[in-house]
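**Q** Structure provided below as structure tokens; questions to follow.
The values are calculated or read from the model by the stated rules, or taken from the named source; none is laboratory data. Please read all numbers here as calculations on a predicted model, not as lab measurements. Cβ sites come from the backbone with ideal geometry, for glycine too, and all protein chains shown count toward neighbours.
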Amino acid sequence: MMLHIGDGRPWSNAQTDQFLQRQKDHLQRHGVCFGAVAPAESDPVIGLAGMQKMDTGDFELGWWIWKDQRGRGLAAEAVRPFLRHARDMMRLDRLVAVIDPPNSASIRVAEKLGMVFERRMRATKTLASRNDQPIMRYALPQL
């Protein structure tokens, strides 16, 4: 999964702790964050999904599904409740997804959700904690 996150290497304990703290802060401030994905309550975790606010002011919709669980439609299924929450509860007009250009699986998920390619940019323009790498931004302009 880490192939398309950051520099493609597993995170250190400190990086993981920083990510988890950032998600806790997002949950407290915005009522949403990235969290564990498990198909059923008693099933093991198979990834992360959710929303977070970016430095641009946009809310990012994201999904990270473990490699052995991909291709089953779980990413789109995991984020659909966030789409409804963004529209119905948060009253957002749009959501974006930040995708590593070679990640064709995530591009397919974004398109399945109705997102469209918006532009290429640098990852550091979306969240200060991201590595400086090229990314593609997809958007769902009409919730």
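**Q** Can you find a residue that is within 19 Å of residue 24 (Cβ to Cβ), in contact with a helix residue (DSSP H, G or I) (Cβ under 9 Å, 6 or more places away or on another chain) and not aliphatic (A, V, I, L, M) anywhere in region 61-84?
**A** For region 61-84, residues within 19 Å of residue 24 (Cβ to Cβ), in contact with a helix residue (DSSP H, G or I) (Cβ under 9 Å, 6 or more places away or on another chain) and not aliphatic (A, V, I, L, M): present.
**Q** If residue 118 passes every condition in (1) touching a Phe, Trp or Tyr at 6+ places or on another chain (Cβ under 9 Å); (2) charged (D, E, K, R); (3) touching a residue at least 24 places away in the same chain (Cβ under 8 Å) but one, which one does it miss?
**A** (3)
**Q** Which residues, taken from region 90-136, are assigned to a strand (DSSP E or B), in contact with a helix residue (DSSP H, G or I) (Cβ under 8 Å, 6 or more places away or on another chain) and surrounded by 16 or more Cβ atoms within 10 Å (Cβ to Cβ)?
**A** Once the filter is applied, which keeps residues that are assigned to a strand (DSSP E or B), in contact with a helix residue (DSSP H, G or I) (Cβ under 8 Å, 6 or more places away or on another chain) and surrounded by 16 or more Cβ atoms within 10 Å (Cβ to Cβ), region 90-136 yields 95, 97, 98, 99, 135, 136.
**Q** Any chance you could count how many residues in region 17-70 are modelled with pLDDT under 90, surrounded by 15 or more Cβ atoms within 10 Å (Cβ to Cβ) and in a loop (DSSP other than H, G, I, E, B)?
**A** Total satisfying the criteria: 2.
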